[in-house]
1. Could you work out the relative contact order of the chain, using alpha carbon pairs under 8 angstrom and six or more residues apart, expressed as a whole percent?
2. Per residue of the chain, what 222 nm ellipticity follows from adding -39500 (n - 2.57) for every DSSP H run with n ≥ 4, rounded to the nearest 500?
3. Using a Förster distance of 25 angstrom, determine the FRET efficiency expected from the C-beta separation of F289 and V50, and round it to 0.05.
4. Taking the range 410-450, which trypsin sites (Lys or Arg not before Pro) meet the DSSP loop condition and have no more than 13 other C-beta atoms within 10 Å?
5. Which pairs break 31 Å Cα to Cα here: K325/K435; K54/K228; K17/K174; K17/K72; K192/K302; K120/K310?
6. Using the 10 angstrom Cβ neighbour count as an exposure proxy, how do R266, R123 rank, fewest first?
7. Multiply the residue separation of E264 and E405 by 0.36 nm, subtract the distance between their alpha-carbon atoms, and state the gained length in nm to one decimal.
8. Taking the chain as a Gaussian network, where each spring joins two C-alpha atoms under 10 Å apart, which residue of L255, L64, L86 fluctuates the most?
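The numbers here are math on the coordinates, done by the rules we state, and not lab data. None of the values given here were measured: they were computed from a predicted structure. Note that each Cβ is placed from the backbone with ideal geometry, even for glycine, and that neighbours are counted across all protein chains shown.
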Amino acid sequence: MYQPIIGLEIHIQLKTKSKMFCGCSADIWQEEPNTHVCPVCLGLPGALPVPNKKAIELAQLMGLALKCELAKESKFDRKNYFYPDLPKGYQISQYDQPLAVNGELKTRKSKGKTTTQISKLLRIRRVHLEEDTAKSLHEADSTLIDFNKSGMPLMEIVTEPDIRSSEEAVEFGKKIRQVARWINVSDADMEKGQLRLELNISLKKVKTQKSKVKSQNPKAEETLPAYKVEVKNINSFRFLGRIIEYEIKRQTKILESGQTPRQETRGWNEKGKTAAQRLKETESDYRYFPEPDIPPLIFSGKYVESVRQKLPVLPDELKDRFISKYNLSEGVTNQLLESREVTDYFQSLANFDLDPKQAANLILNRPEVMRRAPKQVAGEILKSEAEVLDSEEELKKIIQKVIDENPSPVAEYCDGKTAVLQFLVGQVMKETQGKASPQPTRVLLEKLLV
Ligand code: ZN
Ligand code: MN
C-alpha cells in the first residue's frame with residue numbers, strides 16, 4: 001500500500017500599482033503586448049532594479065497571515081537559467097533568506113455547534129518574492145514574446161510535503177487563495193494567471209493500516225521517498241486534483257513493478273494526464289548568488305509591528321465566532337466567509353439587530369440585495385419580511401382558535417360541505433377585527449383543516 005506525499009508551490013501575483021523592480025504599471029491584463037515595458041523589465045544591460053516596497057509589505061502580510069516568522073534581514077538573489085522569456089538570463093528571486101519562514105495553515109471542521117476542531121495541519125516552509133517572466137506565444141512557425149508580464153511582482157509560497165490526498169491538496173490550495181484574497185494582497189484570479197500551482201508528489205510505502213503515517217505529526221514522516229516528481233504550471237484546482245490522481249496511479253504501477261519513478265518535471269494535458277518534460281533540475285543548476293544591484297533588506301521591529309497592525313481578523317477566527325455567537329451552520333458560515341465583502345456586509349446586518357440566520361439567508365440567496373441595496377435598505381427588507389412571517393404565525397394561531405371554537409361547522413366542512421369555509425373565514429375576520437386579508441386566510445384555513 002502506498003501513501004502520497006504531496007507538497008505545493010504557489011505563485012501569486014501581488015496587487016501593486018507598479019512592477020517588482022521598475023516603475024512600469026502593473027495593470028497589464030489584456031493590454032497591448034509590449035506596452036508596459038522599460039529598460040529594467042526588458043533586461044537591457046546597465047538597467048538597475050529598485051525593489052517595490054509595497055510588494056515586500058504584501059508578501060510579509062501574507063507571511064503573517066500564514067503564521068510565519070518574518071525575517072529581520074533578507075536579500076534578493078539571482079536564479080540563473082536560460083529561456084527566451086527571461087531576457088536577463090536570470091530571475092531575481094530569493095534563495096537562502098526569504099521574507100518569511102515556518103508558518104502553518106489548518107483546515108477546520110466544526111464538530112457540534114460550538115467547538116471547532118482542527119482536522120489537518122499544513123506546514124508552510126517559506127514565503128518569498130520574485131519577478132515574473134515574460135509570456136511566450138507559440139505560433140505555427142514562430143514564437144512571439146510579450147514582455148508586459150516580465151517583472152511583475154510574484155509571491156511564492158512553499159509548503160512542506162504534508163498533504164496526503166488530492167482532496168487535501170485542493171482544500172489547502174483554495175484556503176491559501178482565500179487568505180490571499182481576504183487580506184487583499186491579490187485577487188488571485190486563476191483565469192488571469194494571478195495564481196499558479198506547482199505540485200511535487202511521491203509515494204511512500206506503508207506496511208500496515210496501523211503504521212500509517214499520522215499526518216498531524218510531522219515527526220512521523222522523517223523518511224521521505226528517494227524521488228520526487230514535479231508538475232508545473234497548473235492553472236485550476238480541478239486539474240490539480242486530476243493530476244494528483246493520475247500520478248498516484250502512474251507511480252503505483254512503477255513501484256509495484258519493483259522500480260523507482262524517475263525524478264523529473266512533468267507537463268500535463270487537458271485530460272489531467274502527465275508526460276515527462278525534463279529531468280528535474282537541482283538547486284546547484286541555478287547557480288544562485290546574491291543580487292549585487294540590490295542592497296540587503298533590514299526590517300526594524302517597529303516596521304514589522306506596523307505590518308502586523310494591517311492584518312485583519314482572519315476567516316478562521318470569524319468562523320468560530322459566527323458558529324458560536326450567531327448559531328449559524330458550518331455550511332452557511334463557509335459560504336459567508338468566501339469573500340470578505342460578503343462577510344463585512346453580513347456583520348453590518350447582524351449588528352443591525354436583525355436575526356443573523358435571516359440576514360445570512362438573504363445575502364446568500366439573494367445576492368442582488370447586497371449588490372444594489374445600501375445596508376439600511378437591506379435592513380428594511382429583512383425587517384418587513386420578518387413582519388410578514390410574524391403576522392402569518394399570528395394568523396395561524398387565530399385560525400386554529402376559530403377551528404377549535406367551531407367544531408360543528410368544521411365537521412360539516414370535513415364532510416364535504418365546502419361552502420362552510422366562507423363562514424369560517426368570516427369568523428377569522430371578526431376575530432382579527434378585519435385586519436386579515438381574506439385570500440391568505442382562506443388558503444391557510446384549507447391547509448389547517450386537512
Ligand atoms: Zn519596466
Ligand atoms: Mn518561483
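1. Working: 762 pairs, mean separation 72.8, N = 450.
Relative contact order of the chain: 16 percent.
2. Details: 13 runs with 167 residues, N = 450.
Value at 222 nm, helices only: -11500 deg cm²/dmol.
3. Details: r = 20 Å, r/R0 = 0.79.
Rounded to the nearest 0.05, the efficiency is 0.80.
4. Values: sites: K417, K430, K435, R442, K447; in loops: K417, K435.
Those satisfying the criteria are K417, K435.
5. Details: K325/K435 37 Å; K54/K228 35 Å; K17/K174 25 Å; K17/K72 25 Å; K192/K302 36 Å; K120/K310 27 Å.
From the list (K325/K435; K54/K228; K17/K174; K17/K72; K192/K302; K120/K310), the Cα-Cα distance tops 31 Å for K325/K435; K54/K228; K192/K302.
6. Numbers: R266 23, R123 16.
Fewest to most other Cβ atoms nearby, the residues stand as R123, R266.
7. Working: separation 141, 0.36 × 141 = 50.76 nm, distance 8.33 nm.
Here the segment from E264 to E405 would lengthen by 42.4 nm.
8. Checking each option, the largest mean-square fluctuation is seen for L255.
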